[in-house]
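What follows is a short report on a single structure.
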Amino acid sequence: MQEARQGHASVEERKAALGTMYPNWEKRTIATHFYKQCQQYSKYPLIMMPDEVVTYEEIWGKARDYAKALLHLGVSPEDHVAILMENEPDYVALFIASSLVGAVVVPLNTQLQKEELTYMLHQSDTNWLITHQFASKQNHAEALKEVVSNLQEDAESPFKKAVCIPNKGADFPSVYMDWNVFLQGGKEVEDAALNKRWKETDAPDACAAIIYTSGSTGLPKGVMLTDDMLLRSGFATCLTRAYETGRRIYVPLPMYHVYFLQEGLLAASFVGGGMVTCHAFQPLQSLDLMEKYQVHDFLAVPSMLVALLNRPEVEKTNLEHLYALLCCAAPSPVPLWKRAVEKLEVTEIGTGCGGTEASSTTMLTEIGDSLETISTTVGKVKTAGVAGHPEFGDKSVMYKVIDPDSGNTLPSGSVGELAVRGNVVTKGYYKKPEETSFAIDKEGYIRSGDLGTIDENGYIRLLGRSKDLYKVSGETVAPKEVEDIISMHPAVNQVYIVGVPDQLTTETGAAFIELKQGESCSKQEIRNLCREHVARFKIPRYIWFVEASEWPLTGTGKIQKFKLQEAAEERLKK
């Protein structure tokens, strides 16, 4: 088994090969980038689903067909095309097709409800909607039929038409255009017409996508990203993680999220890599897919990794080709990384962090970093190679630490809010001038909302979200610090702490703790552990043990702390 894992080139050789393949940076649109890659890697698989494999060549063919259909529909340059779809090869083809006709993609989260989607369709000035009839177990076509009808009848709305892709064999509302009718229209468009539009709209610095932030507090904001930003960020990941030609990556994450789009699809496309994915993460199916497609790399979030490692079948699954693991979205303690290395026998592990505003990850740990570094930091600014710029130290971004209240830059080594600028960082939020002016300073640094420190070697340690801080009798508490201490207990699987109102101390801490299967632990043990390591005011007054199924998760497996806050306050009322 180890021979199969070690049969690939060394990290240095792979990075040198990328330097040879890309000696200089050429600005390209998503469409032009995939045109080049689909020529070079035509027969390589790009998207691998449980029952379907689609090559680069086939995706390009689909993209051109869909682009013709968009032209026939009447899509103009800079029109906004919203996509509400399950993970399917068609999603990737539509993304490329939108770029071919100069449109802006608005990826929508399939887990959102009617009210949330309605807000985004209005706020983004969506002109065209393409939706699966069913996605994430929801009948979106039915839920949005009145919204679509009202938008189409509103003379002042820019909305024009919605296309429905039937996927459950059931009838869908007549307000939608049928997907097959949409495709049929494309057959009336000549290649020359499409090529003309492609040439006219080949602008890498124009907005390519409006991607909404998760909106854990307040209304979601649409982050405007260009083709060049997305591709530079993807290349930086490809280089930092030393992707080799044809790397196969298992990514059981939604295609609408920048983690899938940038860490996976775009990064892999520079080397003819392939994405193995599915509609929704399931541990057993994940093991089957990684074995079936001889996966080299696994992109996960901690909740997925824990669920997969807890399956006894992992011992019997042939994962001889798997050697890399990237686990982001939330910190993972050393014991979890040790289990992953032991059970999956991966040799290149890492974590990272970033944000939609900076085209996904900006930081990654380096291959070979210690378990302690991987579990206590989110790495340092990614190597960017030709995609970097001297202004940012030959990287794509640079960070500073600011005072969360005043916005003033803090001295080196200080704890504060991280702010980032670079050639992959958004210039603002769509139609949100006040939020944009608050978030971005005159030098182009944008607030990340993350509290942290940067050490002398450039490694960044996160201490939670600035809005997660709470004050106990005037003393500020960063939940992450206390979560790290509680995670040291051998029985603890995951822990998250939120601040809750308190009559005596203004606020106090409430800890939600999930124990490992078969393990036990008392509240007193947790308090005793905390007393050994942190000040008394930081010890959570309330401690609740919860099951794995009780965590409120986003579509990418992140814990929604604002929902934990609501749950804590409900418990206290009772």
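For the chain, the Cβ-based charge dipole about the Cα centre amounts to some 480 debye (Lys, Arg positive; Asp, Glu negative; other atoms uncharged). Among 288-300, 230-242, the peptide with the highest mean count of other Cβ atoms within 10 Å heads the list, and the full ranking is 230-242, 288-300.
Simple point charges give the picture: +1 on the Cβ of Lys and Arg, -1 on the Cβ of Asp and Glu, and for the stretch 28-203 a dipole about the Cα centre of about 500 debye. Each residue of the stretch 90-101 is assigned a 3J(HN,Hα), and the resulting list reads 4, 4, 5, 4, 5, 4, 5, 4, 4, 5, 4, 9 Hz, derived from the Karplus form 6.51 cos²θ - 1.76 cosθ + 1.60 (θ = phi - 60°), x at Gly and Pro. Near the amide H of F545, within less than 5 Å, lie the amide hydrogens of I513, all on another chain or at least 5 residues away, with H placed in the peptide plane. Computed from phi, the 3J(HN,Hα) profile of the stretch 179-188 under the Karplus parametrisation 6.51, -1.76, 1.60 (θ = phi - 60°) reads 3, 5, 5, 4, 5, 4, x, x, 5, 8 Hz, with x in place of Gly and Pro. Computed over the alpha-carbon atoms, the stretch 225-464 gives an Rg to Rh ratio of 0.98, Rh here being the Kirkwood radius from the mean inverse distance.
Loop-only trypsin sites (Lys or Arg not before Pro) in the stretch 7-75, please: DSSP not H, G, I, E or B, and at most 16 other Cβ atoms within 10 Å.
Values: sites: R14, K15, K27, R28, K36, K43, K62, R64, K68; in loops: K27, R28, K43.
Here the trypsin sites (Lys or Arg not before Pro) that fit, given the DSSP loop and packing criteria, are K27, K43.
Pairs of alpha carbons in the stretch 475-573 separated by more than 15 Å make up 60% of all such pairs.
From the C-alpha coordinates alone, can you work out the Kirkwood hydrodynamic radius of the chain, in Å? Spell out each step's value before the answer.
Values: mean 1/r = 0.0404 Å⁻¹.
Kirkwood radius, the chain: 24.7 Å.
A cut-off of 5 Å between modelled amide H atoms, ignoring neighbours fewer than 5 places along the same chain, links G273 with G246, R247. How tilted is helix 227-240 with respect to the longest principal axis of the chain? Cα atoms for both, answer in degrees (0 to 90, nearest 10). With rounding to tens, the tilt is 50 degrees. For the chain, find the longest principal axis of its Cα atoms and tell me its angle to the long axis of helix 191-200, 0 to 90°, nearest 10. Taking the Cα atoms of the chain, the angle to 191-200 is about 50 degrees. Note on the chain: antiparallel DSSP beta bridges, both residues inside, total approximately 60 percent of the bridges counted. Overall dimensions of the stretch 199-274, expressed as equivalent-ellipsoid semi-axes from the Cα gyration tensor (√(5λ), whole Å, largest first), are 23, 18, 10.
Bear in mind that the values in this text are calculations on the coordinates, not laboratory data. A quick note: this is a predicted structure, and the numbers were derived from the prediction, not measured. Reconstructed Cβ throughout: ideal geometry from the backbone, glycine too, with neighbour counts over all protein chains shown.
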